[in-house]
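Written out below as structure tokens is the structure these notes cover.
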Amino acid sequence: MQFRDRAFATECLKRISYFRLKAYWWDMQSDPVNHVFMNGSCFDDVIERYEFDNALRKILFTAIDTIEIALRTKLIYHMSQAHGGLWYMEGTLFNNANLYAKQLQHLQVEFAESGEVFAKDYRRQHPNQIQNGWQSDEDPDAWIILEVATLGDLSKLYKNIGHQLPAKSKIANEFGLSIHSDLASWLEAIAYLRNIVAHHSRLWSRNMVKRPSEPLNPHNIWLSHQLSDIEAKRPFYIITAMLYLCDAVNPGNRLRADIFQLMKKYSHLPIQRMGFFAGWEHEPIWATKRDQKTWLGKIIASMFGRLGRNA
């Protein structure tokens, strides 16, 4: 491996461990077993990959925040409107009773131990909740207790809600998806990515254990490119699902703009390692709103053109 500036490399290795950087140069080796690097491999490129990865995680964390808050809000609103503020206490509203019992216990423990001001204040006003266990007249409403739930908690809770409940479908529809199983799959994949981001772990060239399902009849513009199996395993697929959800709940989100800006800055990096295929930026879902309208206009015009010829 080449080192253009050994002093720079020394400083980097003082703050970033060798083992952490190892994953960023893995594909630069012609012989990974004997650690033989290909000609032209440079330590500066490794650091650029690392910095790209770090910047990407920060961008995605903001997007995850948008999705998490929207999910919490819609879950509370639709379920409370249909089943009351204590719906999360009703085991009959959930599919898997054993899983529900574990979810409820976890949620209650989190609330009982939370250092949030609102949780402390509620416990002060309702001392029997802690002293005598959870009692029906002491239970906090969903809009209180679910504020301590993580995206993972919310994702699992949503997935376990009875499939026959209209509120579950309404939530999926407001995220732009036709069926609740698609939203459950997407949330599970995003929660998995969130854990990677929150622990400052590597996204670069990573195969994602969880990945979103292919959406059935999405309400809005989705991918037209048929992803290969390798592409579907990489972060791009989940990032695109996140963009779809962010557009549905907050059209003014910056995820698209921030990703484009990041890619422009690091345009020389082999981003196919992240699942970004050639021409990804021209996919309709990644286009600006103005370009999306133009794209839809062309499709509609084409449809009417075919109808005219067949008349």
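The values are calculated or read from the model by the stated rules, or taken from the named source; none is laboratory data. Everything quoted here is computed from the prediction, not taken from an experiment. Glycine gets a Cβ as well: all are built from the backbone with ideal geometry, and neighbour counts include every protein chain shown. Just so you know, the surface numbers come from the protein's heavy atoms only, side chains and all, with ligands and any DNA or RNA stripped out. Shrake-Rupley method; radii C 1.70, N 1.55, O 1.52, S 1.80 Å.
Rounded to the nearest 20 debye, the dipole size of the chain about its Cα centre is 860 debye, using +1 on the Cβ of Lys and Arg and -1 on the Cβ of Asp and Glu. Take the convex hull of the alpha carbons in the range 39-190; its mean projected area over all directions comes to 12.6 nm². Computed over neighbours whose Cβ is under 14 Å from that of Ser169, the net charge equals +2, Lys and Arg +1, Asp and Glu -1. Considering all different alpha carbon pairs of the chain, the Kirkwood hydrodynamic radius works out to 22.3 Å. For Ser201 and Glu90, the FRET efficiency from 1/(1 + (r/R0)^6), where r spans their Cβ atoms and R0 equals 35 Å, is about 0.40. Projecting the Cα atoms of Pro215, His106, Phe52 onto the dipole axis of the chain, where Lys and Arg carry +1 and Asp and Glu carry -1 at the beta carbon, places Phe52 farthest toward the positive end. Computed from point charges on the beta carbon alone (+1 for Lys and Arg, -1 for Asp and Glu), the dipole magnitude for the range 112-247 about its Cα centre is near 560 Debye.
Model label sites at Glu48 and Thr73, defined 7 Å from Cα along the beta-carbon direction, differ in position by 4.0 nm. If R0 is taken as 30 Å, the Cβ-Cβ distance between Asn34 and Arg4 corresponds to a FRET efficiency of 0.80. Taking a ≥ b ≥ c as the square roots of the eigenvalues of the Cα gyration tensor, an a/c ratio of 1.5 or more together with a/b larger than b/c marks the range 233-290 as prolate. Between the listed residues Tyr24, Gly84, Thr150, the Cα displaced farthest toward the positive end of the dipole of the chain, a dipole computed from Cβ unit charges relative to the Cα centre, is found at Tyr24. Residue ranges 91-99, 270-278 sort as 270-278, 91-99 when ordered by packing (mean number of other C-beta atoms within 10 Å per residue, highest first).
Hey, what D do you get for the range 48-115 in µm²/s if you plug the Kirkwood alpha-carbon radius into Stokes-Einstein at 10 °C and 1.306 mPa s? The diffusion coefficient I find is 107 µm²/s. When restricted to Cα atoms, the range 139-235 yields an Rg and a Dmax of 15.2, 48 Å, respectively.
Note on the range 1-78: Kirkwood radius taken over Cα pairs, Stokes-Einstein applied at 4 °C and 1.567 mPa s, translational D equal to 86 µm² s⁻¹. With both labels modelled 7 Å from their Cα along Cα-to-Cβ, the Ser267 to Leu99 distance reads 4.6 nm.
For the peptides 207-215, 118-126, 14-22, 142-150, the ranking by mean Cβ contacts within 10 Å, running from highest to lowest, is 142-150, 207-215, 118-126, 14-22.
Between the beta carbons of His282 and Val209, assuming R0 = 45 Å, the FRET efficiency works out to 0.95 to the nearest 0.05.
In the chain, the portion of solvent-accessible area held by carbon and sulfur atoms comes to 52 percent [1.4 Å probe, whole percent, DNA, RNA and ligands not counted].
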